[in-house]
1. Does at least one position in the stretch 166-180 carry a residue that is buried (at least 22 other Cβ atoms within 10 Å of the Cβ) and either at pLDDT below 90 or farther than 25 Å from M121 by Cβ (or both)?
2. So is A106 among the small types (G, A, S) and on the phi < 0 side of the Ramachandran plot or not?
3. Could you count how many residues in the stretch 165-188 are part of a loop (DSSP other than H, G, I, E, B), in contact (Cβ under 8 Å) with a residue 40 or more places away in the chain, of a type outside the set (G, A, S) and more than 13 Å from R203 (Cα to Cα)?
4. So which of L244, L248 ends up being crowded, with 17+ Cβ neighbours inside 10 Å, free of Cβ contacts under 8 Å to residues at least 40 places away in the same chain, outside any loop (DSSP other than H, G, I, E, B) and over 17 Å from the mean Cα position of the chain (by Cα)?
5. Can you confirm whether A123 is closer than 28 Å to R48 by Cβ and either touching a Ser or Thr at 6+ places or on another chain (Cβ under 7 Å) or of a type in the set (A, V, I, L, M, F, W, C) (or both)?
6. Conditions: (1) touching a Phe, Trp or Tyr at 6+ places or on another chain (Cβ under 8 Å); (2) closer than 20 Å to M100 by Cα. T22 meets all but one. Number of the miss?
7. Any residue that is in a strand (DSSP E or B) and farther than 23 Å from H138 by Cβ - is there at least one of those in the stretch 209-223?
8. Which helices (runs of 4 or more DSSP H) does the stretch 58-164 wholly contain that include 1 or more residues that are out of contact with any Asp or Glu (no Cβ under 9 Å at 6 or more places or on another chain) and either buried (at least 20 other Cβ atoms within 10 Å of the Cβ) or of a type in the set (G, A, S) (or both)?
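The values are calculated or read from the model by the stated rules, or taken from the named source; none is laboratory data. What you see is a predicted model; the values in this text were computed from it and never measured. Because the Cβ atoms are built from the backbone with ideal geometry, glycine has one as well, and the counts that use them run over all protein chains shown.
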Amino acid sequence: MTSADIFPSASGGNVAGATKSTMLQLTDVDTFYGPSQVLNKVSLEVNRGEIVCLLGANAAGKTTTMKTIFGLIHPTRGTIEFEGVRIDRKLPGDIVTSGMALVPEARRIFPRMTVLENLEMGAFIRRNRVEIKEDIDHVCEIFPRIKERLKQVAGTMSGGEQQMLAMGRAMMSRPKMMCMDEPSMGLSPILVETVFNTVLRIRDEGVTIFLVEQNASMALSLADRGYVLQTGKIVLSDTASNLLTNDLVRQAYLGG
């Protein structure tokens, strides 16, 4: 079975010479919590086949950016488009149906359900049981630990295993684009490396990746481009390789 069978809508990753097309675009987005403004004219874009990271310190607005993209909070001003269609007033379920999937901060698995039931919940927008079974098998092939624990109650797994489950659950909707909020949070260095290697594999199977991360070094080592968010504003954007050598980024996020 090829990756096109698993992700039929995929474009095949970052292929040299391929024409870039914008999948996700935020334009001058303002988001408030009550009277408090959290995002201020945030503009960014993610092209098909890319890994793009959003860096920032705690309380910079990274998770708010993700919540705004997925309709958990509606922006006060500005627009959000996915594949050229505005989604800034859509409900989260409709946004997932359009082809985006979220790996939320702190995993947010269903702790009282089994691992298998969590994966099935990720396919809630789908009806073809044969294809769902194929995709569960594919997730188990990517994450062998999940295969060993399909009948286990998800809340009893380790943090690293729960992160794998959260990523696998997101894959079950067959997304065109996967958004990940702090996937390395709370994990050991070995598990962080495993998670990021899996991010690369998912991208290579044709899924565009938007990554929110505090681990700037790891994120920039695998991303194509990056944005730096500071107190709700985009203050820097560049290729990942340039950001790795940028003095401001090194001092603020890389300890150099």
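1. No - not one qualifying residue is present in the stretch 166-180.
2. No: the conditions fail for A106.
3. Total satisfying the criteria: 4.
4. L244
5. yes
6. (1)
7. Yes: one or more hits.
8. 62-69, 92-98, 115-122, 129-142
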